[in-house]
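J.: Next up is a structure, given as structure tokens.
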Amino acid sequence: MYYDLTVVQFSKMLKNLSAILEKTESFAAMKKVEMSVLLNSRLSVDQFNLTRQVQIACDIAKLGVARLTGKEAPKHEDNETTVAELQSRIQSVLAYLATFSPADFAETASRSISQPRWEGKYLTGHEFALEWAIPNVYFHITTAYAILRHVGVDVGKKDYLGEMPFKS
């Protein structure tokens with residue numbers, strides 16, 4: 001269950017984010033807009049820009065899964081300044097997520113998970129997955145999507161959701 005909710009869904013959503021960033025490059029070329037303008041775009045002055053939204057979505061995906069399984073996550077320097085560098089970061093996180101199997105999540109539900117920001121408090125793995133990791137990944141990917149919609153990139157719900165496993 002936790003594998004599907006995190007590794008499978010985080011991977012899917014990061015791939016969708018990657019595809020949205022590809023559309024952003026096409027938009028920038030067509031409209032003759034500097035990519036740095038788009039990467040620094042934000043919805044509000046007190047909100048992180050597009051670049052930081054992508055970085056945080058990647059961090060929460062990798063660190064969330066690492067904390068749920070007790071494994072070490074790769075480190076990223078948060079120094080990306082181009083779409084190519086953001087794409088590389090997404091690919092790095094996808095490669096890391098691909099190293100997990102459902103068996104890695106055997107102890108997840110009862111694991112105590114904390115972070116320095118929580119000042120000694122913790123969540124169970126179940127709570128952490130459902131109330132912190134999953135909503136945060138979706139929040140930052142949604143915000144990146146919303147920033148790009150706001151500046152005029154032609155993306156829609158199908159781009160955000162990606163391929164669906166329809167049955168017939």
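J.: Give the range 84-97 a look and list any residue that's farther than 12 Å from A66 by Cα and either touching a Pro at 6+ places or on another chain (Cβ under 7 Å) or not acidic (D, E) (or both), or say none.
T.: A84, L86, Q87, S88, R89, I90, Q91, S92, L94, A95
J.: Would you confirm, using the coordinates I've provided, whether S168 is touching a residue at least 12 places away in the same chain (Cβ under 8 Å) and of a type in the set (G, A, S)?
T.: For S168, the condition - touching a residue at least 12 places away in the same chain (Cβ under 8 Å) and of a type in the set (G, A, S) - is not met.
J.: Mind telling me which of the residues T99, T108 ends up being closer than 18 Å to Y2 by Cα, in a loop (DSSP other than H, G, I, E, B) and free of Cβ contacts under 8 Å to residues at least 24 places away in the same chain?
T.: T99
J.: Which residue is surrounded by the most Cβ atoms within 10 Å (Cβ to Cβ), if the candidates are limited to the range 144-162 and must be of a type outside the set (G, A, S) and free of Cβ contacts under 8 Å to residues at least 60 places away in the same chain?
T.: R149
J.: Also, quick follow-up: Tally time: how many residues in the range 77-115 are closer than 23 Å to A19 by Cβ and among the small types (G, A, S)? Reasoning before the result, please.
T.: So the first thing to find is which residues in the range 77-115 are closer than 23 Å to A19 by Cβ, and the list is 78, 80-100.
Among the residues that remain, those that are also among the small types (G, A, S) are: 84, 88, 92, 95, 98.
Adding up the residues that qualify gives 5.
J.: Here's a follow-up. Please go through the range 108-137 and give me each residue that is loosely packed, with under 12 Cβ neighbours inside 10 Å, at pLDDT below 95 and on the phi < 0 side of the Ramachandran plot, ordered by number.
T.: S110, P116, R117, W118, listed by residue number.
J.: Here's something else I'd like to know. Of these, S36, S44, S88, which one is out of contact with any helix residue (DSSP H, G or I) (no Cβ under 8 Å at 6 or more places or on another chain), part of a loop (DSSP other than H, G, I, E, B) and either over 20 Å from L161 (Cα atoms) or free of Cβ contacts under 8 Å to residues at least 12 places away in the same chain (or both)?
T.: Step by step, each of S36, S44, S88 is checked, and only S44 is out of contact with any helix residue (DSSP H, G or I) (no Cβ under 8 Å at 6 or more places or on another chain), part of a loop (DSSP other than H, G, I, E, B) and either over 20 Å from L161 (Cα atoms) or free of Cβ contacts under 8 Å to residues at least 12 places away in the same chain (or both).
J.: If a residue must be acidic (D, E) and under 17 Å from S11 (Cβ atoms), how many such residues does the range 57-89 contain?
T.: Qualifying residue count for the region: 1.
J.: Quick check on this structure: which one of Q47, Q53 is surrounded by fewer than 17 Cβ atoms within 10 Å (Cβ to Cβ) and either aromatic (F, W, Y) or under 15 Å from H150 (Cα atoms) (or both)?
T.: When all the criteria are applied, what remains is Q47.
J.: Quick one: which residue in E127, E119 is over 18 Å from Q9 (Cα atoms) and more than 15 Å from the chain's Cα centre (by Cα)?
T.: Step by step, each of E127, E119 is checked, and only E119 is over 18 Å from Q9 (Cα atoms) and more than 15 Å from the chain's Cα centre (by Cα).
J.: Could you look through the range 23-32, keep only residues that are out of contact with any Leu (no Cβ under 6 Å at 6 or more places or on another chain) and in contact (Cβ under 8 Å) with a residue 12 or more places away in the chain, and pick out the one that is farthest from K62 (Cα to Cα)?
T.: K31
J.: With the checklist (1) outside any loop (DSSP other than H, G, I, E, B); (2) charged (D, E, K, R); (3) modelled with pLDDT of 95 or more in hand, flag the one item K71 doesn't pass.
T.: (1)
The values are calculated or read from the model by the stated rules, or taken from the named source; none is laboratory data. Everything numeric in this text was worked out from a predicted model, so none of it was measured. Here the Cβ is made from the backbone with ideal geometry for all residues, glycine too, and neighbour counts use every protein chain on show.
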